[in-house]
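Peer 1: The structure that follows is given in the form of structure tokens.
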Amino acid sequence: MGVAEDIAKLELDLRELVIKYEQYFFGIEKREPLRLLDAVERAVRRYQNVSIPNTSQRFKYDSLVATLSVHKQKWTRTNRLIEEGKFQRDRFRMSLHQAQQADKGSKAKTPPAAQDSQIDSVFKQYVNARLACNLPVENVTKEKVAEAINRQKPVLMQKYGCRDVDFVVVIEGGKPTLKARPKTT
């Protein structure tokens, strides 16, 4: 093979290596592509101390070597972050997985009938508290209370890392408010 063919093959192998490493970091490939990396490094070393007379071929070779060097640094840093548990993509995937597990757990733990009875109970407590504080109850509806609870519940569950949240009515400063109590067990 001539120099031009070797450089073209090196370029293709380097592109494939970059793709394989990206697949490895995304979790598609289970193992790091070390054999392909070794083959690419051997191809780079082959022309390291050889004078390439054609300027365009020399430039292409040097740019491929620089690209490999930059990518190797990035891969080394990413592997180190993975080992330390600080790799951003892994954290994102892990948080998605935990959120899905929490959703499955909360849906399985509190059936809709139980949620309705909890909302009914909180609504009645809230209306009674407003009446006790001599506040109007005409604008208070069960739907508004349910909407407030359903809007706040997932946010609070994620914030406190709990599987469910109970709401109670508390009177503060002469006005009734809903307070959340995280359930851990």
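Peer 1: So which pairs qualify, if the first residue must be in the stretch 51-63 and free of Cβ contacts under 8 Å to residues at least 40 places away in the same chain, the second must be in a loop (DSSP other than H, G, I, E, B), the Cβ gap must be under 6 Å, and the two must be at least 6 apart or on different chains?
Peer 2: Every condition considered, the pairs that remain are ARG58/ILE52.
Peer 1: Now a separate question. Could you please let me know if VAL44 is assigned by TED's automatic domain parsing to the domain that holds ILE7, within 22 Å of LEU12 (Cβ to Cβ) and either assigned to a helix (DSSP H, G or I) or of a type in the set (Asp, Glu) (or both)? Please lay out each step first, then the result.
Peer 2: On the way: assigned by TED's automatic domain parsing to the domain that holds ILE7: yes; within 22 Å of LEU12 (Cβ to Cβ): yes; either assigned to a helix (DSSP H, G or I) or of a type in the set (Asp, Glu) (or both): yes.
So VAL44 fits the description; yes.
Peer 1: State all residues of the stretch 77-112 that are aliphatic (A, V, I, L, M) and modelled with pLDDT of 65 or more; if no residue qualifies, say none.
Peer 2: The first filter runs over the stretch 77-112 and keeps only residues aliphatic (A, V, I, L, M), leaving 81-82, 94, 96, 99, 102, 108.
Within the stretch 77-112, LEU81, ILE82, LEU96, ALA99, ALA102 qualify.
Peer 1: All but one of (1) at pLDDT 85 or above; (2) outside any loop (DSSP other than H, G, I, E, B); (3) surrounded by fewer than 14 Cβ atoms within 10 Å (Cβ to Cβ) hold for ALA146; which doesn't?
Peer 2: The one condition ALA146 does not meet is (3).
Peer 1: A further question follows. All but one of (1) on the phi < 0 side of the Ramachandran plot; (2) under 31 Å from the mean Cα position of the chain (by Cα) hold for ASP38; state the number of the condition that does not hold.
Peer 2: Of everything listed in (1) on the phi < 0 side of the Ramachandran plot; (2) under 31 Å from the mean Cα position of the chain (by Cα), ASP38 misses just condition (2).
Peer 1: Now a separate question. Does VAL127 satisfy the criteria of being touching a strand residue (DSSP E or B) at 6+ places or on another chain (Cβ under 7 Å) and at pLDDT 85 or above? Give the steps one after another, and end with the answer.
Peer 2: On the way: touching a strand residue (DSSP E or B) at 6+ places or on another chain (Cβ under 7 Å): no; at pLDDT 85 or above: yes.
Answer is no for this residue.
Peer 1: Could you give every pair whose Cβ atoms fall below 9 Å, whose first residue belongs to the stretch 8-34 and is at positive phi, and whose second residue is surrounded by 14 or more Cβ atoms within 10 Å (Cβ to Cβ), counting only separations of at least 6 or pairs across chains?
Peer 2: GLY27/ASP90
Peer 1: Just a yes or no: is a residue in the stretch 51-69 closer than 18 Å to ALA8 by Cβ, among the basic types (Lys, Arg) and in a helix (DSSP H, G or I)?
Peer 2: Restricting attention to the stretch 51-69, the residues satisfying the condition of being closer than 18 Å to ALA8 by Cβ are 52-68.
Subset that is among the basic types (Lys, Arg): 58, 60.
With in a helix (DSSP H, G or I) added as a condition, the list becomes 58, 60.
Yes, that holds for at least one residue.
Peer 1: Let me ask something additional. I need every pair where a residue in the stretch 166-177 that is on the phi > 0 side of the Ramachandran plot has its Cβ under 8 Å from the Cβ of a residue that is surrounded by 12 or more Cβ atoms within 10 Å (Cβ to Cβ), sequence separation at least 6 or different chains.
Peer 2: Correct list of pairs: GLY174/CYS133.
The values are calculated or read from the model by the stated rules, or taken from the named source; none is laboratory data. This structure is a prediction, so every number in the text was calculated from the model and none was measured. A quick note on method: Cβ atoms are made from the backbone with ideal geometry, for glycine too, and the neighbour counts reach across all protein chains shown.
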